[in-house]
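Notes follow the structure.
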Amino acid sequence: MKKKTAFFCQNCGYEASKWMGQCPVCHEWNTMVEETVQKSSGSTKDRIAAAGGAARVRPATLASIEMYAEDKVSSGIDELDRVLGGGIVKGSMLLVGGDPGIGKSTLLLQVCRNVSEAGHELLYVSGEESLKQIKLRAARLGEFTEHLKLLSETNLDTIADIITETKPEMVVIDSIQTMFNENVQAAPGSVSQVRETTGVLLKVAKTLGISVFIIGHVTKEGAVAGPRVLEHMVDTVLYFEGDTKANYRILRGVKNRFGSTDEIGVFEMNEDGLREVKNPSEFMLSGRPENASGSVVTCCMEGTRPLLVEIQALVCDTNFGFPRRQATGTDYNRVNLLMAVLEKRVGMRLSNSDAYVNIAGGMKVGEPAVDLGIVMAVASSFKNRAIDPKLVCFGEVGLSGEVRAVSQANNRVSEAKRLGFTTVVMPESSISQVRDVKGVKLIGVKSVADAMELI
Ligand code: TYD
Ligand code: MG
């Protein structure tokens with residue numbers, strides 16, 4: 001019999017019957033790889049039945065479903081708990097994605113340490129490192145209790161058997177791209193293999209009420225399937241981002257069935273593992289140049305938390321006829337649009353200038369409230385005049401050059417005040433929302449032209 005094969009995009013999991021150079025869904029090039037398609041055997045069902053998990057399946061009424069407050073287990077790391085929406089939900093499946101070397105294994109081993117200290121039984125399965133290597137890492141992180149069991153294995157059948165036998169409360173799979181299921185004839189890390197192994201783990205987790213953390217590497221080359229392939233299967237998706245060279249990391253929730261998705265957690269990588277950054281604004285602003293032109297502090301909201309970041313702009317004469325524009329940490333098109341607003345509404349001649357806009361510290365901001373900050377940084381660099389270092393600005397800028405109201409103005413002003421800023425430039429229409437104005441001067445602006453007068 002001829003084997004049935006299909007082509008899978010290794011980036012997003014799109015399936016096609018023939019090869020193509022570019023994936024029509026995620027538009028990545030050269031990511032389609034041929035894989036054998038095969039349905040998995042019924043072994044999972046047998047296994048669960050043997051463990052007494054799903055012996056009798058019956059529909060239930062809502063009222064008959066029991067709920068416990070302790071259905072959420074604290075990870076022992078506040079920053080992570082907040083991103084998760086309070087803690088690790090029992091029986092949930094969580095995906096932690098990120099570039100290799102960003103600190104995924106370290107974070108989860110730390111979670112294991114905290115959770116096992118609280119007396120919960122855990123299993124950490126590594127397909128990447130030997131037990132000795134895990135021990136070396138663990139030695140840097142501190143003391144571990146005997147509630148944590150380790151396993152260096154890549155065969156999913158063996159792993160699933162051990163899970164159903166020992167029934168730990170939480171399992172970590174590091175990483176899903178190293179795992180393989182004998183029933184699937186594709187290499188570990190391929191889309192079919194990654195999907196199939198996750199499917200088996202999902203069934204085991206849901207029937208036995210075990211929380212499963214899955215680590216997935218993000219890869220650019222498309223050699224192994226990316227975590228995006230799994231996003232729809234799991235309950236919670238977290239991405240760990242940041243520059244591997246800079247020592248801070250940001251954990252971002254992308255999907256969460258049990259909480260909001262716009263919270264972030266900030267960490268710092270140290271010799272003894274990841275440390276929480278409780279005060280990210282202070283951290284982001286450390287080392288800021290004072291009285292330099294082109295630098296301004298703005299306030300964006302990350303979930304429920306205000307975060308102060310520095311925006312830097314460098315505007316200089318262009319050498320060739322075509323001006324160069326570059327944006328790091330913020331949207332390139334938005335920067336171009338805001339520069340067009342400056343040109344048209346304030347008459348600033350930027351069409352002969354190169355412009356580079358950068359969010360200091362490697363943060364990524366996408367909120368419209370940073371518009372005013374970008375405009376002020378560009379104008380400050382263009383005029384070569386420094387902005388008061390004790391000034392924070394925020395506001396959305398419209399196409400007619402108007403400065404529009406933003407949400408949570410009060411929280412933003414409080415954060416600025418807390419960090420010792422004395423002047424806040426903000427949309428005039430948001431001023432009435434600010435309750436606590438003592439010790440800080442609020443300047444309401446209606447348009448970009450008003451803001452220019454401050455430079
Ligand atoms: P790791 O957790 O192995 O990354 P991932 O699992 O996402 O691939 O983290 C690897 C990096 O972290 C590596 O460069 C070493 C560094 N590191 C520290 O700086 N301090 C530590 O305590 C540990 C355990 C790792
Ligand atoms: Mg790792």
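Can you tell me, using C-alpha contacts under 8 Å and at least 6 residues apart, the relative contact order of segment 283-452 as a whole percent?
Relative contact order, segment 283-452: 25 percent.
Mind jotting down the three principal axis lengths of segment 194-293 based on Cα atoms? Whole angstrom, largest first.
58, 32, 29
Whole number please: convex hull volume per residue, Cα atoms of segment 91-208, in Å³.
Per residue, the Cα convex hull of segment 91-208 comes to 101 Å³.
Given a Förster distance of 22 angstrom, what is the FRET efficiency for residue 140 paired with residue 114, based on the Cβ-Cβ distance and rounded to 0.05?
Computed FRET efficiency for residue 140 and residue 114 comes out at 0.90.
So with the 1.4 Å probe, I'd like the accessible area per residue for the chain, rounded to whole Å².
I get 46 Å² per residue for this part.
First compute the accessible area of the chain with a 1.4 Å probe, then give the percent of it belonging to carbon and sulfur atoms.
Of all accessible area on the chain, carbon and sulfur atoms account for 52 percent.
Relative contact order, percent, of segment 89-157 when contacts are C-alpha pairs under 8 Å separated by at least 6 residues?
35 percent
Specify the inter-centroid distance of segment 427-455 and segment 111-165, based on alpha-carbon positions, in whole Å.
Taking the Cα centre of each part, segment 427-455 and segment 111-165 sit 53 Å apart.
Taking 10 °C and 1.306 mPa s as the conditions, I'd like the Stokes-Einstein D for segment 283-452 in µm²/s, using the Kirkwood hydrodynamic radius from alpha carbon pairs.
The calculation lands on 101 µm²/s.
Can you pick out the pairs among 167/206; 255/417; 344/446; 135/278; 390/441 whose Cα atoms lie more than 21 Å from each other?
Violating the 21 Å Cα-Cα cut-off are 255/417; 135/278.
Which is farthest toward the positive dipole end of segment 249-314 among 269, 308, 256, measuring Cα position about the Cα centre, with Cβ charges +1 (Lys, Arg) and -1 (Asp, Glu)?
Of 269, 308, 256, it is 256.
Assuming 0.36 nm per residue, please report the length gained on full extension of the stretch residue 182 to residue 18 beyond their Cα-Cα distance.
So the extension gain works out to 56.5 nm.
Taking a Cβ-Cβ separation under 4.7 Å as the criterion for a possible partner, which cysteines of the chain have none?
That list is 112, 299, 300, 316, 393.
Computed on alpha carbon atoms, what radius of gyration and Dmax characterise the chain, expressed in Å?
Both quantities, over Cα of the chain: 25.6, 80 Å.
Work out the FRET efficiency for residue 243 and residue 432 from their Cβ-Cβ distance, taking R0 = 45 Å, and round it to the nearest 0.05.
With R0 = 45 Å, the Cβ-Cβ based efficiency is 0.70.
Of all DSSP beta bridges located in the chain, what percent are antiparallel, nearest 5?
50 percent
Separation between the residue 419 and residue 441 pseudo-spin-labels, each 7 Å from Cα along Cα→Cβ, expressed in nm?
2.0 nm
How high is the relative contact order of the chain, in percent, with contacts defined as C-alpha pairs under 8 Å that are six or more residues apart?
Relative contact order here is 13 percent.
The values are calculated or read from the model by the stated rules, or taken from the named source; none is laboratory data. This is a predicted model, so every value here is computed, not measured. Cβ coordinates were reconstructed from backbone atoms using ideal geometry, including for glycine residues, and neighbour counts include every protein chain displayed. Ligands, DNA and RNA are excluded from the accessible area calculation, which covers all protein heavy atoms including side chains. Shrake-Rupley method; radii C 1.70, N 1.55, O 1.52, S 1.80 Å.
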